[in-house]
Every structure is written in C-alpha cells, then in structure tokens.
1. Would you confirm whether any residue within segment 78-86 is surrounded by fewer than 18 Cβ atoms within 10 Å (Cβ to Cβ) and in a helix (DSSP H, G or I)?
2. Residues that are farther than 26 Å from residue 16 by Cα: which strands (runs of 3 or more DSSP E) entirely in segment 101-191 hold 3 or more of them?
3. Would you point out the residue of segment 208-237, among those that are open to solvent by 50 Å² or more (accessible area, probe 1.4 Å) and not basic (Lys, Arg), that is nearest to residue 284 (Cα to Cα)?
4. Can you give me the number of residues within segment 1-39 that are among the charged types (D, E, K, R), part of a helix (DSSP H, G or I) and in contact with a helix residue (DSSP H, G or I) (Cβ under 8 Å, 6 or more places away or on another chain)?
5. When segment 1-18 is examined, which residues are found to be among the β-branched types (Val, Ile, Thr) and under 22 Å from residue 59 (Cα atoms)?
6. Mind checking which residues of segment 130-145 are open to solvent by 20 Å² or more (accessible area, probe 1.4 Å) and on the phi < 0 side of the Ramachandran plot?
7. With in contact with a helix residue (DSSP H, G or I) (Cβ under 6 Å, 6 or more places away or on another chain), of a type outside the set (Ser, Thr, Tyr), assigned by the TED database to the domain that holds residue 181 and open to solvent by 40 Å² or more (accessible area, probe 1.4 Å) as the only criterion, which of 148, 163, 127 stands out?
8. With the condition kept exactly as written, say whether any residue in segment 222-233 is among the small types (Gly, Ala, Ser), in a helix (DSSP H, G or I) and either in the same structural domain as residue 131 (by the TED database) or touching a residue at least 60 places away in the same chain (Cβ under 8 Å) (or both).
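The values are calculated or read from the model by the stated rules, or taken from the named source; none is laboratory data. It should be emphasised that the depicted structure is a prediction, and the values quoted were computed from it without experimental measurement. Glycine gets a Cβ as well: all are built from the backbone with ideal geometry, and neighbour counts include every protein chain shown. With ligands, DNA and RNA removed, areas are computed over all heavy atoms of the protein, side chains included. Shrake-Rupley method; radii C 1.70, N 1.55, O 1.52, S 1.80 Å.
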Amino acid sequence: MSYFSKEFLTWLDTNADLIDQESGPIANQLLKKIAEHDIFKVSVPKEYDGLGGEPTQVVDFLGELAQHSLTASFISWGHRTFIEYILSSDNPYPRQAWLAELFNGERAGGTGLSNAVKFLSDIEELNVTISQEGDDYYLDGRLPWVTNLRSDKFAALFAAGFNDDRQPWIITIPSEAEGLSRSADLEFVSLQGSNTASLTFNHVKLDPNWILSKDAVDFIAQTRPNFLGFQFGLAFGLAQRSLNEVESSLASNRSVLRNEFETTREALLNIQDQLYAGLNDPSYFIDNPRELFQLRIDIVDVVANSLLLELQASGGRSYLKESDSSFIRRWNEGVFLPIVSPSAVQLRHILANQ
C-alpha cells in the first residue's frame, strides 16, 4: 500500500538531493505537499477530524517517505509527533487553535524535546526557564536545535523548568509570540531542508493556553512510545531502500553478499515485528521502556549495515559525482540516525544507569 501519489513521489525523487542540501523555497513547500495526502490525519481519532487507524500506520508512511528522502520523513516525524502531543494533553486549546492548520501543513509543528530528554537522563539542565512575576509567568532561554521552524508559521513544543523544586512544564508556543526569535537555519551536511534552527526566548509572557502539562516527567513517559516509535519509520525506510538496491545486484558478481543481505534483512524484519507488537499494545512500551530503547539502538546498527552493503554492492560507480544512485545522499542521511534525539548514546546512557 502506498500513502502517496506517484506524481508526488516522482517530484520527491527529483528534488530529494536539493532538499537534502539547501534551505529555501522547495524545502518550504515540502510539508504542505506531504499534507495534501491527508497523511497527518492517519491514526488521529475521528473525533478530531482524523482518519483513525493504528500508530503503526504512522511508522509505515514515514518509512515510505524515507525511501525517497529522509528530510521528508524527518520533518513529517516531527510534525506528526507534535500533533500526537497536543492530542495527548488535557488542554484543548492547541487542538482547537492549530489542529486544522497542522493537518494541511499551513503551520509546521516542531518537537524540541532533545533538551528535555537529556534533562530527564541527568545529562544537562533545561535550557528554558520559567519565572513568575505576580500572577504571570515568563520564558527565558534558548533551544539550540529545533526542526520544522518554517519561517512563515510554526508552533514549537519544549520543556521548561523553574529555579526551585517545582516540576518542569511541557509547553507549546506559536511563532507569532512576542519575544520569540528564530535563528538562521543551522548548517548541516545533510537534511538542510528541514528548517532546523535555534529558538531564543526573551522574557516571553506565557499564555496559559500554551501549557500542555505541568508534570513533564509523567507526560513524557506516557507519550514516549509514540514519540520514539514513530521515529523508527525513518530508519525502516532508509534501510529498506538500501537493501532493495543490494537485492537488485545479487544476481551479478555481488552474489557473495547474499548471506549478509539475508541476515540484515532478517534483523530489520525482526525489529519491525517487535516494534509493531509493542505499539499495538498502548501500555506495553510505557511499562517496558528499556525494550523500546534497545530496539532504537539496534536499528541504528541495521541501517549502518544496510548502507555498507549497498556501497559494496554498487562499487565505485556510487562514488562518482554524476552517479544517479543517490547513494551518497543516503549515506549522509544514515549518519544522522545515531544522533537524532534521543541519540543512541543517550539511550545507552539511560540503560547503563538503570
């Protein structure tokens, strides 16, 4: 089953290298083009004008995108995860105010929880602080890395803490907020079209409507299975595309790679089966987060093996600048997966400390 039209996938294949290497108009069109397929309504309850369905379907459509462009899959993951968070909140305001714009891509959703994940793992302090002045609250600080901060209209989600012993809060903020500023796009070796930038909070007055939860620890624990589970779509799609390229070469003098190909493909399918079984049970990965973390670590190795097999299967032709295989783009995309938050090292740190 394909979630996207042939016309769109052809357009994406044609522009994938440009989107990977450049910010600009084509990259800024990408989210809206993806949204034209009603894809961000997948696995959203019908009561919110969604299409219903299982969370595994989100992984599936992200995987399909990743076979053509990891940038497209990455921004869609951040956007759909943002939607998941506002669906999970007891606060109805973000759904009422932004959900229609998020569905059609008019507003981009940025999930800036890298800092929160590191904070909860005792790796670093929260970068945004909340201060109280009378009955009002204000935000100050800087998030160094948030994706999907499209320059025309976005909303970002993050954790912010107090200077006392109060629990951190989970907060969303629209790009229109006074005192909020966005940097120029960060310079990446790949995924440049993902509208990734830093956000600075200069005494931003906090609208109570922006607060998703006043207990960040519990909120993240409850929503983490889909946050992290959806992310597997990036890896599944990239690994599958590389393995497809390898398979097409096995009938030639590259047949010596068959055993490694079969082993890697089996590992990919095994991780997929375990992930889908866990996601289909809403409480499983909440109760067993270590299993999810280990799967996330394992899939990084599968992607690396798949890409290395593709390089060996394609040989020197993939290293030519004029090659039409797009291997070098996929190689650079694959390097991103171990460091996307929560990174493989962060997860290893959590497992070691537990």
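1. Scanning segment 78-86, I find no residue that is surrounded by fewer than 18 Cβ atoms within 10 Å (Cβ to Cβ) and in a helix (DSSP H, G or I), so the answer is no.
2. Ranges flagged: 128-133, 136-146, 154-160, 169-174.
3. Checking each candidate, the answer is 222.
4. Within segment 1-39, residues that are among the charged types (D, E, K, R), part of a helix (DSSP H, G or I) and in contact with a helix residue (DSSP H, G or I) (Cβ under 8 Å, 6 or more places away or on another chain) number 4.
5. Listed by number, the list holds a single entry, 10.
6. Residues satisfying the conditions are 131, 132, 133, 135, 136, 137, 138, 140, 142, 144, 145.
7. Numbers: 148 fails: open to solvent by 40 Å² or more (accessible area, probe 1.4 Å); 163 fails: in contact with a helix residue (DSSP H, G or I) (Cβ under 6 Å, 6 or more places away or on another chain).
Of 148, 163, 127, the one residue that is in contact with a helix residue (DSSP H, G or I) (Cβ under 6 Å, 6 or more places away or on another chain), of a type outside the set (Ser, Thr, Tyr), assigned by the TED database to the domain that holds residue 181 and open to solvent by 40 Å² or more (accessible area, probe 1.4 Å) is 127.
8. yes
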